[in-house]
């Protein structure tokens, strides 16, 4: 199965190419660069082989996306239609969510969180926590029965840094990195330590509370653009998986196709 999986986030758009179910490439581009996005999609689409039965040279692949930013969804849909002559399939609209949930309003939860949780559970096969640290930090729980129970949403590292900069008179904007010491000897280092260790402590505390809620210590998977920054200080994390949303999109589409082929139960 050949799939282009597109994770449309709040800051970047990640495009993954999968040929015969094998990951070939994943590229991250800002949604504010439409020309570069169009060039990227053209390049990866041209790598999808032409269907053997197609007289018109139609390629044997599908383009599937998960999105949390409607404006960028419209942009990608237009590029796919105008530049590639193809249709964009959207998780949650054209493709059903790949995991059952226990939520008040399941249709209002970001599909990025749902597909990541489904991908993690598919591998672990048991209770699992998925922490995605990007523009926001989300920490979600899937129980041992494969039910998405919900989660928490916190400011990401960059948002926290910007909030201090824009809501104070003299604090500078800092790029959050792993501190050399647990305290800062200057203002910038103090901010860095505060944001960094707040994220570590939040992840640890939420993980502990989830474990108490379900009566067992689940595996914890961490992903997202800023995940690698704090992973080294979280001994309770079992796996760091880059681009988990992209992998979850592929899983969601394959599950949809399999269930469609199987027909009504």
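The values are calculated or read from the model by the stated rules, or taken from the named source; none is laboratory data. Just so you know, these numbers come straight off a predicted model, no measurement behind them. Cβ sites come from the backbone with ideal geometry, for glycine too, and all protein chains shown count toward neighbours.
If only one of 163, 118, 122 is in the same structural domain as residue 226 (by TED's automatic domain parsing) and within 25 Å of residue 196 (Cβ to Cβ), which one is it? Unique residue meeting the criteria: 163. Residue 217 satisfies every condition listed in (1) in contact with a helix residue (DSSP H, G or I) (Cβ under 7 Å, 6 or more places away or on another chain); (2) buried (at least 16 other Cβ atoms within 10 Å of the Cβ); (3) at pLDDT below 95 except (2). Being closer than 21 Å to residue 91 by Cα, part of a loop (DSSP other than H, G, I, E, B) and either in the same structural domain as residue 155 (by TED's automatic domain parsing) or in contact (Cβ under 8 Å) with a residue 60 or more places away in the chain (or both) is the requirement here; does residue 10 meet it? Judged against the criteria, residue 10 is a match. So, in the stretch 1-20, of the ones that are touching a strand residue (DSSP E or B) at 6+ places or on another chain (Cβ under 8 Å) and over 14 Å from residue 73 (Cα atoms), which residue ends up surrounded by the most Cβ atoms within 10 Å (Cβ to Cβ)? In this case the residue turns out to be 4.
Being over 22 Å from residue 22 (Cα atoms) and either surrounded by 13 or more Cβ atoms within 10 Å (Cβ to Cβ) or in contact with a helix residue (DSSP H, G or I) (Cβ under 9 Å, 6 or more places away or on another chain) (or both) is the filter here, so list the residues in the stretch 40-73 that pass it.
67, 68, 69, 72, 73 - these are the residues of the stretch 40-73 that are over 22 Å from residue 22 (Cα atoms) and either surrounded by 13 or more Cβ atoms within 10 Å (Cβ to Cβ) or in contact with a helix residue (DSSP H, G or I) (Cβ under 9 Å, 6 or more places away or on another chain) (or both).
The residues on offer are 180, 211, and the sole one that is surrounded by 17 or more Cβ atoms within 10 Å (Cβ to Cβ), without any contact (Cβ under 8 Å) to a residue 12 or more places away in the chain and out of contact with any strand residue (DSSP E or B) (no Cβ under 7 Å at 6 or more places or on another chain) is 211. Checked against (1) closer than 30 Å to residue 23 by Cα; (2) crowded, with 18+ Cβ neighbours inside 10 Å; (3) out of contact with any strand residue (DSSP E or B) (no Cβ under 6 Å at 6 or more places or on another chain), residue 174 meets all criteria but (1). Of the residues making up the stretch 184-209, just one is in contact with a helix residue (DSSP H, G or I) (Cβ under 9 Å, 6 or more places away or on another chain) and in a loop (DSSP other than H, G, I, E, B), namely 184. Residue-level check: of (1) closer than 25 Å to residue 141 by Cβ; (2) within 19 Å of the chain's Cα centre (by Cα); (3) assigned to a loop (DSSP other than H, G, I, E, B), residue 104 misses just (2). Which one is nearest to residue 225 (Cα to Cα), of the residues in the stretch 93-115 that are assigned by TED's automatic domain parsing to the domain that holds residue 227 and in contact with a helix residue (DSSP H, G or I) (Cβ under 6 Å, 6 or more places away or on another chain)? Per the criteria, the residue is 112. The residues of the stretch 124-153 that are touching a residue at least 40 places away in the same chain (Cβ under 8 Å) and more than 17 Å from residue 236 (Cβ to Cβ), listed by number, are 134, 135, 136, 143, 144, 146, 147, 148, 149, 150.
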